[in-house]
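Where a number appears in this text, it was derived from the coordinates with a stated rule and is not lab data. Predicted, not measured: the structure shown is a model, and the values here were computed from it. Positions of Cβ are generated from backbone atoms using ideal geometry, with glycine treated the same way; all protein chains shown enter the neighbour counts.
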Amino acid sequence: MNIDVVRIHFKDSHGDDEYSYKYLPFQYCCEYLKNCPVISFGTECNTIVDDDGYLNETDVELPHFSISWDEPIPYEDDTWSYYSKITHCPFCGASININVVKEEDMTSQYATMNKLRDSKNEIRRKTDSLKEKDKLNEEIRELDEKINGLWNFGEYNVE
Ligand SMILES: [Zn+2]
């Protein structure tokens, strides 16, 4: 099973390099993997059991398929989700290959969107008109969606 992903590059407000991934439409190797509720495709932290048997979390660069399970957090009324990367489909045995097919530089778009957001925010702060405030709120909300969309893992939109 081959999955093509696009790497998005931009710089955050501190000037540090940031990357996110978008996947292109792909075919699952089999229906079992597609419908398996505990296996997901994403960028969640991978979990590795080290030599001492402790679970370590490591940042995984590339999107991947992982099996997830929940374990209770000691002394807390809550659970923690663990993700363990798989490289083969556990149902049909197909190997899972993730290929970065291209990198897109969105640095200037990201900076422009943030600048626009700041200036709209500034106008909103100064205006006394409620109607104007509502309009700006809506515009800022739309911008936030676009900005978050850059950070988040998801399907690649061909525009
Ligand atoms: Zn399969």
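Below, the figures for the structure above:
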| item | result |
| --- | --- |
| 0 to 90° range, to nearest 10: angle between helix 130-151 axis and the chain longest Cα axis | 30 degrees |
| Projected label distance in nm at L24 and F91, using a 7 Å step from Cα toward the beta-carbon | 2.4 nm |
| Helix axis angle, 107-126 relative to the chain longest principal axis, alpha carbon, degrees | 50 degrees |
| Approximate spin-label separation S40-N148, in nm, with each point projected 7 Å along Cα-to-Cβ | 1.5 nm |
| Flagged links, alpha-carbon separation over 29 Å, of K11/K34; K102/K133; K34/K102; K11/K131 | K11/K34; K102/K133; K11/K131 |
| Debye intensity ratio I(q)/I(0), log10, the chain, q values 0.09, 0.15, 0.16, 0.20 Å⁻¹ (C-alpha model) | -0.45, -0.95, -1.01, -1.22 |
| FRET E, pair E138, A111, Förster distance 35 Å, beta-carbon r, rounded to 0.05 | 0.95 |
| Residue order, fewest to most beta carbons within 10 Å, for V101, V6 | V101, V6 |
